2 protein chains.
Amino acid sequence: MALQARALYDFQSENVGEISVREDEVLTVYSEHDIEGWLEGVNSRGERGLFPASYVQIQRAAAGGVAAAEPPVSRYANVPAAPPPQPAAAGPVVSSTFCPPPQLQAATAGGGGGPGGLVQLGGLQHQTSGSGDDDDWDDDWDDSSTVADEPLPGGGGGGMGFSPELDGLGRYKVSTAAGRRSGSSASAASKSTTTVSRNLNRFSTFVKSGGEAFILGEAAGFVKDGDRICVVSGPHGPAWQEDPYPFSCSIDEPTKQTKFKGIKSYISYRLVPNHTQISVNRRYKHFDWLYGRLVEKFPVISVPHIPEKQATGRFEEDFISKRKKGLILWMNHMTSHPVLARCDAFQHFLTCSDEKAWKQGKRKAEKDDMVGGNFFLTLSTPPAPLDLQEVESRVDGFKSFTKRMDESVFQLSHTANEFARKQVVGFKKEYQKVGTSFRLLSQAFEMDQQSFSVGLNRAIAFTGDAYDAIGELFAEQPKQDIDPIVDLLALYQGHLTNFPDIIHVQKGALTKVKESKRHVEEGKMELQQADGVRERCDTISFATLAEIHHFHTIRVSDFKTQMQHFLQQQIHFYQKVTQKLEEALQKYDGV
Amino acid sequence: MALQARALYDFQSENVGEISVREDEVLTVYSEHDIEGWLEGVNSRGERGLFPASYVQIQRAAAGGVAAAEPPVSRYANVPAAPPPQPAAAGPVVSSTFCPPPQLQAATAGGGGGPGGLVQLGGLQHQTSGSGDDDDWDDDWDDSSTVADEPLPGGGGGGMGFSPELDGLGRYKVSTAAGRRSGSSASAASKSTTTVSRNLNRFSTFVKSGGEAFILGEAAGFVKDGDRICVVSGPHGPAWQEDPYPFSCSIDEPTKQTKFKGIKSYISYRLVPNHTQISVNRRYKHFDWLYGRLVEKFPVISVPHIPEKQATGRFEEDFISKRKKGLILWMNHMTSHPVLARCDAFQHFLTCSDEKAWKQGKRKAEKDDMVGGNFFLTLSTPPAPLDLQEVESRVDGFKSFTKRMDESVFQLSHTANEFARKQVVGFKKEYQKVGTSFRLLSQAFEMDQQSFSVGLNRAIAFTGDAYDAIGELFAEQPKQDIDPIVDLLALYQGHLTNFPDIIHVQKGALTKVKESKRHVEEGKMELQQADGVRERCDTISFATLAEIHHFHTIRVSDFKTQMQHFLQQQIHFYQKVTQKLEEALQKYDGV
């Protein structure tokens, strides 16, 4: 009998080779031995592929009729109602970023982390080249590069309080190992981590992002003055402190470049940030590298997705033009984000024009230790503690909002694309058919041998041409109004796929607070330790709410601008149509 | 073996039950015995139905391998290159208007007509009620009425010259039995008709219209002063003398009337001619009756077709409104035609408001003897003889023109209908889908709990409504611009089906002239007689050219007006669309 497994959680496939599973769904498994955390099998819809081994529970059928079922694995206490986030990618290429179940078991069995409480913050590692040599990136779409797997610096033994302590390099060494007020020792930190349990689901974004480590007081690192990120209390609640030096960056028409004597060719984009006025040339892979760094660094910031890869025809004019528009939109979202805009990796990307300096900056960014959970160490938040219920309500509201927005954006994008297609094909054809028919009539009329009909014949022919031209106008129009809307919607679709992870991190933190409260009530945890958890949760909540606020702000601004642009273009279009018709009408004067 | 027949001429089916045949096409015939001039069979395209027996030649296959084919029937000398006109309708209902082949054979065998040379002018008899009682017409669509088959008055023995001779009633008794200048006797007329042969194709419009009879000098009748119709020499050639008292006639919204205590209901149209300002109520059957009279009376005038019958749903608003528009167009063509506008039957139709007087006038019109061939007797033409070659060239040119115009009108009508359908269904749907998507987006945005988004949400919702409204505008628009064009095209399609018959009559006359010339050269005919034929042919040519000129004049005027109207409506439409969009755009101000 085939080996079966029951799904413990929903898992949504995102990559080729993965399959989605639903909670309680029974799957057929090919082998009970996972390959680096993944099992292969068939789900109830007959789809075959990989799914995380920790998401299912193997159900062994007894040989000879005797049931020898394993005791069911108990539900993990900390798994939130929201679906767990999906792994970045299945398969050996990226699996090293996930803790395989055996290690997971060991961590559970052995209690909290070792001395210092620091765990590796693998996080949402983005695929980048393992090599520091920029020239190894021969192709924009080089997928063969392996995932960077460099251990992050441990931050020097941990156990420090949240209060910053200046090191010799002008950096603040901070840690969350114990509550700020307690100033407790490393042993206290160790105790706190054994009290607030770990989430067994190592695929959870809460875990991967470093949010759990931060909440558990295990994050530690040196925060430079310039790295300090402030959340302020704005009129609409927590908000990112605005960039005192806002800037924008233009992206010129891309140019095709070659290297290796023309064997390799690629597209280069010229960027001109207006705060330096110095142009830099960047390829898609540079955007891609930067994106990877940002996603890794900021666990509760929605990093705008870069335009999608396209394997074929990437030098075609339409594609290049479309990507350029996508990159401009992306760039605008980058420069208008108070945190992303000021981030070192992005500034390096925007300003470095020297090749050697580029490589240095690239390595530095890749070795940044203030990523993932450590990012939260860099946050300065308003002192007032947040109302947990209010935060939960706002985040839940935002979750519902993103779901609806995602649906309506999908719908509008589909409709707009269809509308564009109809205009390019159907509308054009209909108007041009009318044009042709008028011209045919005028040609027939030209056979009438009547001098008094000449003016009419010409006017009708002109009318035919006008309808032809209107058909062309219809076909050209979507580029002016619909395509920009669809591009913007695509950017927002990217954001909307980011937010479940962000919400998940915040919800994970809230759960830890509730858990620690219970532990305090049960006398299992000291109030001070629970306060530390609560404070760190507030830090995450402040960041999350600031990010939500930023999203709403830029959304309202973007959609206002885009709708105005759309309507202006539409008005201009119908005015052009009207003008064509007026020109035609004038031809009948004096006929 | 199936009985076969070879087609001698092209025959175009026009009525249900008829099939088209092509010259030289071989048909399978069910029986060699015709039913009142019609045979039933299958053509080479597999279509089964009726066709005129005289258009085909039966080919008997020999039994036992011995060919016993009949000698082929000789081609009729006078059949022109143009396709013979189609019978008005096949089947027993109308077949009494056609001379069945046996009679045709007898006429051929017996030579010309009897003494006096007058033959019955059956012509293009229109289906009208055989009864004089108006109330017998219970239904607008009463097809069961039989064809009027009243012998027309013979004109009193014929043999008179063309020079008018006043009778006691102030009428001019005219005849074409001999040349105008010759003043020859009845015997001369008799001789002339035996010299210029008859057309054996009794389906020929030339014959049916009375054109042949007129050319052969067999038409005779009393022409009243008021009946005199003048062709003048205009700047573009022969033209109908303009109506010195032009008028128009309005048609009001139709009303539903009932009679027999509500058992029967019908639609009544109120007409108000502006030269009397007295309203009269007319039903569709009255229009239909008038149309029949006019078609019968005027062999070379294109009587505008009345809107088509519709058996079901004739009280539906759309249909009634559509017919009303069609009747208005028809009326405009009637009142703007110098000959039709002044015709007694039409004036009676327009002005008679008394029921008893109506019946009297109706009977009088039905007994009018100046119909068909006799119509030509009423014509006064410019004295200068026409250049036959020039006439032929102009008529040929017009024939080509009508063919092209017919094709292009068909094409435009089809395209316009399709365009309208697309707007009513497709365009509306596309715009409303966009509207719905915008509204869905605004509904999603309303969940954002952000006060600064309220204005945007409303503006987007308004934009959605604007696109809905634009969708409605698209669906409503064809009524304003496309439908009137299609209605006008339909009226012209009617005219274009009239012209082949008109051209046929003129060509028949030309053929007779050529024939008589040849006869003179061969010494078989006196020059004076040939001159008479030539003069009468000129009369027909003058009328034909005047009618062609009138057609061009009204065509240019109609199409100019209609195209202007169309473009004005289109401009107005796109302005309305623009306005909707501008209203939507304004909603984003201050958001």
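For the stretch A:394-403, give me each residue that is facing chain B (nearest Cβ under 9 Å) and of a type in the set (K, R).
Listed by number, the residues that qualify are A:R394, A:K403.
Which members of the stretch A:412-430 meet the condition of being over 32 Å from the mean Cα position of the chain (by Cα) and facing chain B (nearest Cβ under 8 Å)?
The answer is A:G426, A:F427, A:E430.
Can you confirm whether the stretch A:322-343 contains a residue that is within 15 Å of A:R283 (Cα to Cα), in contact (Cβ under 8 Å) with a residue 60 or more places away in the chain and not in a helix (DSSP H, G or I)?
No, because not a single residue in the stretch A:322-343 is within 15 Å of A:R283 (Cα to Cα), in contact (Cβ under 8 Å) with a residue 60 or more places away in the chain and not in a helix (DSSP H, G or I).
With B:D369, B:D387, B:D406 as the choices, which residue is within 30 Å of B:D225 (Cα to Cα), touching a Leu at 6+ places or on another chain (Cβ under 7 Å) and more than 7 Å from chain A (Cβ to nearest Cβ)? Before you say what the answer is, go through the steps one by one.
Details: B:D387 fails: touching a Leu at 6+ places or on another chain (Cβ under 7 Å); B:D406 fails: within 30 Å of B:D225 (Cα to Cα).
Unique residue meeting the criteria: B:D369.
Let me confirm something: among A:Q257, A:Q347, A:Q277, which residue is in a strand (DSSP E or B) and either not assigned by the TED database to the domain that holds A:N498 or not β-branched (V, I, T) (or both)?
Details: A:Q347 fails: in a strand (DSSP E or B); A:Q277 fails: in a strand (DSSP E or B).
Matching residue, one of A:Q257, A:Q347, A:Q277: A:Q257.
Please go through (1) under 28 Å from A:K580 (Cα atoms); (2) within 14 Å of chain A (Cβ to nearest Cβ) for B:A490 and return the number of the only condition it doesn't satisfy.
Against the list (1) under 28 Å from A:K580 (Cα atoms); (2) within 14 Å of chain A (Cβ to nearest Cβ), B:A490 comes up short only on (2).
Kindly evaluate A:N417 against the criterion of being crowded, with 16+ Cβ neighbours inside 10 Å and outside the structural domain of A:Q506 (by the TED database). Talk me through it step by step, then tell me what you get.
Numbers: crowded, with 16+ Cβ neighbours inside 10 Å: yes; outside the structural domain of A:Q506 (by the TED database): no.
Answer is no for this residue.
With respect to B:V505, determine if the residue is within 14 Å of chain A (Cβ to nearest Cβ), assigned to a helix (DSSP H, G or I) and within 24 Å of the chain's Cα centre (by Cα).
Working: within 14 Å of chain A (Cβ to nearest Cβ): no; assigned to a helix (DSSP H, G or I): yes; within 24 Å of the chain's Cα centre (by Cα): yes.
When the stated conditions are applied, B:V505 does not pass them.
Scanning the stretch B:453-463 for residues that are facing chain A (nearest Cβ under 8 Å) and of a type in the set (G, A, S), which turns out farthest from A:F398 (Cα to Cα)?
Ranking the candidates gives B:A459 first.
From the list A:I460, A:I502, which residue is aliphatic (A, V, I, L, M), modelled with pLDDT of 95 or more, at negative phi and in contact with a helix residue (DSSP H, G or I) (Cβ under 8 Å, 6 or more places away or on another chain)?
Details: A:I502 fails: modelled with pLDDT of 95 or more.
Within the list A:I460, A:I502, the selection yields A:I460.
Under 21 Å from the mean Cα position of the chain (by Cα) and either surrounded by fewer than 22 Cβ atoms within 10 Å (Cβ to Cβ) or outside the structural domain of A:E407 (by the TED database) (or both), is that true of A:T497?
Details: under 21 Å from the mean Cα position of the chain (by Cα): yes; either surrounded by fewer than 22 Cβ atoms within 10 Å (Cβ to Cβ) or outside the structural domain of A:E407 (by the TED database) (or both): yes.
Against the criterion (under 21 Å from the mean Cα position of the chain (by Cα) and either surrounded by fewer than 22 Cβ atoms within 10 Å (Cβ to Cβ) or outside the structural domain of A:E407 (by the TED database) (or both)), A:T497 qualifies.
Within the stretch B:14-52, track down each residue that is of a type in the set (A, V, I, L, M, F, W, C) and either more than 24 Å from B:P500 (Cα to Cα) or surrounded by fewer than 21 Cβ atoms within 10 Å (Cβ to Cβ) (or both).
Selection gives B:V16, B:I19, B:V26, B:L27, B:V29, B:I35, B:L39, B:V42.
Name every residue in the stretch B:576-590 that is closer than 13 Å to B:F462 by Cα and facing chain A (nearest Cβ under 7 Å), in order of residue number.
Matches in the stretch B:576-590: B:L581, B:E582, B:A584, B:L585, B:Y588.
Being assigned to a loop (DSSP other than H, G, I, E, B) and modelled with pLDDT of 80 or more is the filter; apply it to the stretch A:1-12 and report the residue that is surrounded by the fewest Cβ atoms within 10 Å (Cβ to Cβ).
Here is the first cut: in the stretch A:1-12, the ones assigned to a loop (DSSP other than H, G, I, E, B) are A:1-2, A:8-10, A:12.
From the residues that got through so far, the ones that are modelled with pLDDT of 80 or more too are A:8-10, A:12.
Details: A:L8: 23, A:Y9: 20, A:D10: 16, A:Q12: 14.
Out of the qualifying residues, it is A:Q12.
Inspect all residues belonging to the stretch A:44-60 and state whether any of them is aliphatic (A, V, I, L, M) and at pLDDT below 80.
Quick first cut of the stretch A:44-60, residues aliphatic (A, V, I, L, M) only: A:50, A:53, A:56, A:58.
Keeping just the survivors that are at pLDDT below 80 gives none.
Checking the stretch A:44-60: not a single residue is aliphatic (A, V, I, L, M) and at pLDDT below 80.
Within the group A:L496, A:L473, which residue is over 21 Å from A:D589 (Cα atoms), of a type outside the set (S, T, N, Q) and either without any contact (Cβ under 8 Å) to a residue 40 or more places away in the chain or touching a Lys or Arg at 6+ places or on another chain (Cβ under 7 Å) (or both)? Walk me through it before giving the result.
On the way: A:L496 fails: either without any contact (Cβ under 8 Å) to a residue 40 or more places away in the chain or touching a Lys or Arg at 6+ places or on another chain (Cβ under 7 Å) (or both).
The match here is A:L473.
Hey, among the residues in the stretch B:535-567 that are of a type in the set (K, R) and surrounded by fewer than 22 Cβ atoms within 10 Å (Cβ to Cβ), which one's nearest to B:Y492 (Cα to Cα)? Break it down stepwise before answering.
Pass one, the stretch B:535-567, residues of a type in the set (K, R): B:536, B:555, B:560.
Pick out the ones that are also surrounded by fewer than 22 Cβ atoms within 10 Å (Cβ to Cβ) and you get B:555, B:560.
Values: B:R555: 8, B:K560: 14 Å.
The qualifying residue nearest to B:Y492 (Cα to Cα) is B:R555.
Looking only at residues that are more than 24 Å from A:T497 (Cα to Cα) and of a type in the set (A, V, I, L, M, F, W, C) in the stretch A:1-13, which one is farthest from the chain's Cα centre (by Cα)?
So the residue we want is A:M1.
Suppose we filter the stretch A:232-258 for residues that are in contact (Cβ under 8 Å) with a residue 60 or more places away in the chain, among the charged types (D, E, K, R) and closer than 21 Å to A:R283 by Cα; how many remain?
Counting residues in the stretch A:232-258 that are in contact (Cβ under 8 Å) with a residue 60 or more places away in the chain, among the charged types (D, E, K, R) and closer than 21 Å to A:R283 by Cα gives 1.
Suppose we filter the stretch A:342-359 for residues that are touching a Leu at 6+ places or on another chain (Cβ under 9 Å) and small (G, A, S); how many remain?
Residues of the stretch A:342-359 touching a Leu at 6+ places or on another chain (Cβ under 9 Å): A:343, A:345-346, A:348-350.
Okay, now just the ones that are also small (G, A, S), so A:345.
Summing the residues that are touching a Leu at 6+ places or on another chain (Cβ under 9 Å) and small (G, A, S) in the stretch A:342-359 gives 1.
Just to verify a result, which residue in the stretch B:443-452, among those that are part of a helix (DSSP H, G or I) and surrounded by fewer than 23 Cβ atoms within 10 Å (Cβ to Cβ), is farthest from the other protein chains (Cβ to nearest Cβ)? First the steps, then the outcome.
Taking the stretch B:443-452 first, the residues part of a helix (DSSP H, G or I) are B:443-448, B:451-452.
Next, from what is left, pick out any that are surrounded by fewer than 23 Cβ atoms within 10 Å (Cβ to Cβ): B:443, B:446-447, B:451-452.
Details: B:Q443: 7, B:E446: 9, B:M447: 4, B:S451: 7, B:F452: 6 Å.
Within the stretch B:443-452, the match that is farthest from the other protein chains (Cβ to nearest Cβ) is B:E446.
Yes or no: the stretch B:551-562 includes at least one residue that is closer than 16 Å to B:L496 by Cα, of a type in the set (V, I, T) and more than 9 Å from chain A (Cβ to nearest Cβ). Full working, then the answer.
Of the stretch B:551-562, the ones closer than 16 Å to B:L496 by Cα are B:551-556, B:558-559.
Next cut, of a type in the set (V, I, T) only: B:553-554, B:556.
Next, from what is left, pick out any that are more than 9 Å from chain A (Cβ to nearest Cβ): B:554.
Scanning the stretch B:551-562 turns up at least one residue that is closer than 16 Å to B:L496 by Cα, of a type in the set (V, I, T) and more than 9 Å from chain A (Cβ to nearest Cβ).
At least 1 residues that are modelled with pLDDT of 60 or more and buried (at least 22 other Cβ atoms within 10 Å of the Cβ) in each: list the helices (runs of 4 or more DSSP H) lying fully within the stretch B:166-254 that qualify. Write out each step before concluding.
Working: elements: B:186-195, B:205-208, B:211-215.
By residue number, B:205-208, B:211-215.
Could you list, in sequence order, the residues of the stretch A:353-370 that are crowded, with 19+ Cβ neighbours inside 10 Å and part of a loop (DSSP other than H, G, I, E, B)?
A:D368, A:M370
Can you say whether B:L567 is over 27 Å from B:S233 (Cβ atoms), touching a helix residue (DSSP H, G or I) at 6+ places or on another chain (Cβ under 7 Å) and more than 9 Å from every other protein chain (Cβ to nearest Cβ), as far as the supplied structure shows?
Values: over 27 Å from B:S233 (Cβ atoms): yes; touching a helix residue (DSSP H, G or I) at 6+ places or on another chain (Cβ under 7 Å): yes; more than 9 Å from every other protein chain (Cβ to nearest Cβ): no.
For B:L567, the condition - over 27 Å from B:S233 (Cβ atoms), touching a helix residue (DSSP H, G or I) at 6+ places or on another chain (Cβ under 7 Å) and more than 9 Å from every other protein chain (Cβ to nearest Cβ) - is not met.
The values are calculated or read from the model by the stated rules, or taken from the named source; none is laboratory data. Nothing here was measured: the structure is a model prediction, and the numbers come from that model. Glycine gets a Cβ as well: all are built from the backbone with ideal geometry, and neighbour counts include every protein chain shown.
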